[in-house]
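The values are calculated or read from the model by the stated rules, or taken from the named source; none is laboratory data. Note that the structure is predicted; figures quoted are calculated from it, not measured. Note that we place each Cβ from the backbone using ideal geometry, even for glycine, and neighbour counts take in every protein chain shown.
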Amino acid sequence: MSKAFKAIKVTDNVYWVGAIDWGIRDFHGYLTERGTTYNAFLVMADKITLIDTVKPPFQSELLGRISSVVDPRDIDYVVSNHAEMDHSGSLVGVIEAVQPEKVFASSMGCKHLQEHFHLDREIVAVKDGESLSLGNLGLTFLETRMLHWPDNMFSYMPEEKLLFSQDAFGMHLATSERFADEIDESLLEYEGSKYYANILLPMSALVTKLIKKVGELNLPIEIIACDHGPIWRQDLDKIIGWYAKWAEQKPTNKAVVVFDTMWFSTAKMAEAIAEGLMAGGAQPKLMPLKSNHRSNVATEILDAGALVVGSPTLNNNMYPTVADLLTYLKGLKPKNLVGAAFGSYGWSGEAVGQVRGMMEEMKIDLVDEGLRIKFVPNDDALKQCFDLGLRVAEKTRGLLEAA
Ligand SMILES: Cc1cc2nc3c(=O)[nH]c(=O)nc-3n(C[C@H](O)[C@H](O)[C@H](O)COP(=O)(O)O)c2cc1C
Ligand SMILES: [Fe+2]
Ligand SMILES: [Fe+2]
């Protein structure tokens with residue numbers, strides 16, 4: 001067991017024993033520019049309890065941190081709040097090393113864990129609202145179905161006023177600091193919004209409901225111990241308020257113009273559209289896909305009012321990176337957007353119609369059927385692009401007035 005890793009005290013009885021993944025850059029299609037952490041927590045109650053584990057390559061880091069407090073074999077209970085591999089991947093190894101008396105999960109969690117690991121031991125299912133005594137301390141479980149998997153649950157510890165919130169309220173951010181109050185607020189808001197936009201956005205209605213439900217339960221909460229990024233022990237209203245705001249998806253006059261291009265005709269169109277947007281009072285943000293990852297586009301769209309998508313035609317199809325983006329965005333189900341499609345083509349020009357079709361499926365309110373320009377745009381064509389920008393700006397104003 002490595003002696004290099006140390007646990008970090010969260011309260012007198014709770015320790016952070018997770019892992020810091022400084023190097024990860026691709027988290028299932030999400031560009032994790034600042035790495036991430038897999039947080040796990042050791043509760044030093046009469047029944048010593050481990051909350052969650054970590055991604056498989058970090059198992060020895062987890063066990064090392066636990067060992068800095070207690071012999072891992074002294075752990076009585078393991079609680080698995082979520083069956084996704086970043087939290088359960090080393091569960092089998094941990095069970096082997098720890099030999100816990102019991103392992104707990106939600107009923108869907110039990111199913112998912114079996115479907116992942118085909119275990120030869122029982123996982124004890126706990127119900128929504130059920131409490132588990134750890135002797136001097138206790139845990140109450142709160143199912144958070146579909147946030148963001150069917151099995152997710154929170155574990156609440158009343159004695160410490162501490163909510164183990166699993167993926168919720170987390171962010172992909174590797175830092176040496178363990179607490180949000182030690183980290184620059186604008187960085188927290190950006191990485192928090194990126195996490196929300198790329199993971200929780202499709203479940204926004206459930207997020208709103210959950211915030212309401214937790215409010216009604218009136219649980220005193222002083223610490224939110226999430227499973228990625230920093231732990232919140234001050235100003236909890238900040239992260240909860242951000243979640244309420246993001247879940248609303250209230251539009252602004254930001255217009256995200258995203259495109260790819262082979263010979264820069266579609267790029268020229270994008271620039272002229274941006275000029276029209278600005279002239280119309282909108283705030284365009286140009287995001288060429290050669291230099292912007294799909295997950296950063298999703299983040300910018302979170303508070304935008306307009307999405308304008310451009311693609312040249314390549315072999316009778318939209319450009320592959322644009323198809324990638326639209327497939328990704330469609331799954332995230334962004335709301336409250338107006339938009340338009342555009343692109344340059346040579347002879348058959350199918351791309352703009354295909355982009356428009358995808359945007360219609362996404363229920364984006366389009367200004368028209370989209371703008372196609374043959375090969376390199378001349379001044380007239382660029383004026384048409386400028387006018388398209390003006391029309392999108394105008395429609396965005398209408399959206400903001402209605403919101
Ligand atoms: C490999 C290749 C395949 C293409 N296939 C089509 C096509 O099937 N239909 C079409 O209308 N144009 C096609 N084009 C023409 C481009 O759409 C045209 O050059 C357009 O102006 C490119 O816009 P861009 O400068 O934004 O890349 C093709 C171009 C290339 C390089
Ligand atoms: Fe997850
Ligand atoms: Fe996670």
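Taking only the range 155-181 into account, find how many residues are more than 16 Å from ligand 3 (Cβ to nearest atom), under 15 Å from Cys226 (Cβ atoms) and either small (Gly, Ala, Ser) or surrounded by fewer than 15 Cβ atoms within 10 Å (Cβ to Cβ) (or both).
Selection size over the range 155-181: 3.
With under 30 Å from Leu326 (Cβ atoms), in contact (Cβ under 8 Å) with a residue 60 or more places away in the chain, away from ligand 2 (no atom under 15 Å from the Cβ) and not hydroxyl-bearing (Ser, Thr, Tyr) as the only criterion, which of Gly64, Gly35, Gly29 stands out?
Step by step, each of Gly64, Gly35, Gly29 is checked, and only Gly35 is under 30 Å from Leu326 (Cβ atoms), in contact (Cβ under 8 Å) with a residue 60 or more places away in the chain, away from ligand 2 (no atom under 15 Å from the Cβ) and not hydroxyl-bearing (Ser, Thr, Tyr).
Just to be sure I understand, how many residues within the range 79-117 are away from ligand 3 (no atom under 16 Å from the Cβ) and among the polar types (S, T, N, Q)?
Qualifying residue count, the range 79-117: 3.
Does Phe141 meet the test of being away from ligand 1 (no atom under 16 Å from the Cβ), in the same structural domain as Ile221 (by TED's automatic domain parsing) and over 16 Å from Leu91 (Cβ atoms)?
For Phe141, the condition - away from ligand 1 (no atom under 16 Å from the Cβ), in the same structural domain as Ile221 (by TED's automatic domain parsing) and over 16 Å from Leu91 (Cβ atoms) - is met.
Please verify whether Ile364 is farther than 21 Å from Gly305 by Cα, assigned by TED's automatic domain parsing to the domain that holds Val309 and β-branched (Val, Ile, Thr), treating the condition exactly as stated.
Judged against the criteria, Ile364 is not a match.
Considering only residues of the range 351-388 that are buried (at least 18 other Cβ atoms within 10 Å of the Cβ) and of a type in the set (D, E, K, R), which is nearest to ligand 3 (Cβ to nearest atom)?
Result: Arg356.
Of everything in the range 266-313, what is under 21 Å from Val367 (Cβ atoms) and touching a Ser or Thr at 6+ places or on another chain (Cβ under 6 Å)? Give them in sequence order.
Thr266, Ala267, Ala282, Asp303, Gly305, Ala306, Gly310, Pro312 - these are the residues of the range 266-313 that are under 21 Å from Val367 (Cβ atoms) and touching a Ser or Thr at 6+ places or on another chain (Cβ under 6 Å).
Here's the yes/no breakdown for (1) over 30 Å from Val70 (Cα atoms); (2) within 22 Å of the chain's Cα centre (by Cα); (3) at pLDDT 95 or above:
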| residue | (1), (2), (3) |
| --- | --- |
| Asp120 | no, no, no |
| Gly170 | no, yes, yes |
| Ser176 | no, yes, yes |
| Leu188 | yes, yes, yes |
| Gly192 | yes, yes, yes |
| Tyr195 | yes, yes, yes |
| Leu210 | yes, yes, no |
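Could you go through the range 113-130 and let me know if any residue there is surrounded by fewer than 20 Cβ atoms within 10 Å (Cβ to Cβ) and in contact (Cβ under 8 Å) with a residue 40 or more places away in the chain.
Scanning the range 113-130 turns up no residue that is surrounded by fewer than 20 Cβ atoms within 10 Å (Cβ to Cβ) and in contact (Cβ under 8 Å) with a residue 40 or more places away in the chain.
Can you name the condition, by its number, that Leu337 falls short on among (1) touching a residue at least 60 places away in the same chain (Cβ under 8 Å); (2) more than 26 Å from Leu206 (Cα to Cα); (3) under 33 Å from the mean Cα position of the chain (by Cα)?
(2)
Of all residues being at negative phi and not in a helix (DSSP H, G or I) in the range 199-226, which is nearest to ligand 1 (Cβ to nearest atom)? Just the residue, please.
Filtering first and then ranking leaves Cys226.
Report whether or not Leu337 is at pLDDT 95 or above, touching a Leu at 6+ places or on another chain (Cβ under 8 Å) and either farther than 24 Å from Glu271 by Cβ or within 16 Å of ligand 2 (Cβ to nearest atom) (or both).
It is false that Leu337 is at pLDDT 95 or above, touching a Leu at 6+ places or on another chain (Cβ under 8 Å) and either farther than 24 Å from Glu271 by Cβ or within 16 Å of ligand 2 (Cβ to nearest atom) (or both).
Starting from the range 85-105, keep only residues that are more than 21 Å from Asp46 (Cβ to Cβ) and within 16 Å of ligand 2 (Cβ to nearest atom), then list their pairs with residues that are part of a loop (DSSP other than H, G, I, E, B) and of a type in the set (Lys, Arg) whose Cβ atoms are within a distance under 6 Å, requiring at least 6 positions of separation or different chains.
Close Cβ pairs (under 6 Å, with a partner that is part of a loop (DSSP other than H, G, I, E, B) and of a type in the set (Lys, Arg)) amount to Asp86/Lys55; Gly89/Lys55.
Let's see how each residue does on (1) among the small types (Gly, Ala, Ser); (2) in contact (Cβ under 8 Å) with a residue 60 or more places away in the chain:
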| position | (1), (2) |
| --- | --- |
| Ala244 | yes, no |
| Phe259 | no, yes |
| Ser265 | yes, yes |
| Met269 | no, yes |
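With respect to Asp260, determine if the residue is assigned by TED's automatic domain parsing to the domain that holds Gly35, over 14 Å from the mean Cα position of the chain (by Cα) and not β-branched (Val, Ile, Thr).
no
Any idea which of (1) surrounded by 20 or more Cβ atoms within 10 Å (Cβ to Cβ); (2) more than 16 Å from ligand 3 (Cβ to nearest atom) is the one Ala279 doesn't satisfy?
Unmet condition: (1).
List the strands (runs of 3 or more DSSP E) that sit entirely inside the range 80-183 and contain at least 2 residues that are within 20 Å of Val14 (Cβ to Cβ).
Working: elements: 102-106, 124-126, 131-133, 138-143, 153-157, 162-166.
The qualifying strands (runs of 3 or more DSSP E) are 102-106, 131-133, 138-143, 153-157, 162-166.
Looking only at the range 131-150, how many residues end up being surrounded by 19 or more Cβ atoms within 10 Å (Cβ to Cβ) and either away from ligand 2 (no atom under 16 Å from the Cβ) or under 18 Å from Lys102 (Cα atoms) (or both)?
Final tally of qualifying residues: 5.
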